[in-house]
1. Over what distance in Å are the Cα centres of region 1-77 and region 89-138 separated?
2. I'd like the trypsin sites (Lys or Arg not before Pro) in region 1-66 restricted to DSSP loop residues with at most 12 other Cβ atoms within 10 Å, sorted by number.
3. May I ask you to derive the FRET efficiency for Tyr123 and Gln97 from their Cβ-Cβ distance with R0 = 22 Å, giving the value to the nearest 0.05?
4. Where Lys and Arg each count +1 and Asp and Glu each count -1, what net charge lies around Glu131 among other residues with Cβ under 13 Å from its Cβ?
5. Could you provide, to the nearest whole Å², the per residue accessible area of region 52-139 with probe 1.4 Å?
6. Listed highest first by mean packing, meaning other Cβ atoms within 10 Å per residue, what order do 40-53, 79-92 come in?
Amino acid sequence: MAHSRGGQFARAAAVRRPALVRALITLGSPLNRLLGGAHPLVQAEAVAFGVAGTLGAPGLMRYGCLHGRCCRTLREDLTKPFPPGVPFLSVFSRTDQVVDWRSSLDPGARHRHVPTTHVGLLYAFDVLAEELIRLGVGRAPDARQSADECPGTLGQDAVA
């Protein structure tokens, strides 16, 4: 699960190494445009940070991170098709005032609208719980499994 810009990084990771990703849930993430999906004030802030970093401000990204070689691979990964074997849910809000909701409509994802704010998407626990149940995450082990097969239990040879 990843929120906002973190969803971009998580999507890129899934594209690069799909075998390492069980599923992806993004919340309010601009997935089909690096910054184009962000509110104009957020875009201006990112450019300002980039310029300040380029001028030497410590701890800030450089302008090249937005348009240069630095993030070229990330930008390319955001345009690549999402791996078909990895479940992907993009949760968005039409009332999000930080990220344009249309930029969350990744063609490789299922989409779910939640009427809330950008930060409010972090608290969409019911949607997250439904998705985790759908994916079978956290399901109790099958009662028919023996103690030796059941994760988290000790086998007979471990008992002293």
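The values are calculated or read from the model by the stated rules, or taken from the named source; none is laboratory data. Please read all numbers here as calculations on a predicted model, not as lab measurements. Every residue, glycine among them, receives a Cβ derived from its backbone with ideal geometry; neighbour counts consider all protein chains shown. To get the accessible areas, we keep the full protein, side chains included, count just its heavy atoms, and leave off ligands, DNA and RNA. Shrake-Rupley method; radii C 1.70, N 1.55, O 1.52, S 1.80 Å.
1. Each part's Cα centre sits 18 Å from the other's.
2. Numbers: sites: Arg5, Arg11, Arg16, Arg22, Arg33, Arg62; in loops: Arg22, Arg33, Arg62.
Listed in order of number, the matching sites are Arg22.
3. On the way: r = 16 Å, r/R0 = 0.74.
My answer for the efficiency is 0.85.
4. Numbers: positive: Arg22, Arg110, Arg112, Arg134; negative: Asp126, Glu130.
For residues surrounding Glu131, the net value is +2.
5. On the way: 5350 Å² over 88 residues.
About 61 Å² of surface per residue is accessible.
6. Values: 40-53: 14.4, 79-92: 16.7.
For the peptides 40-53, 79-92, the packing ranking is 79-92, 40-53.
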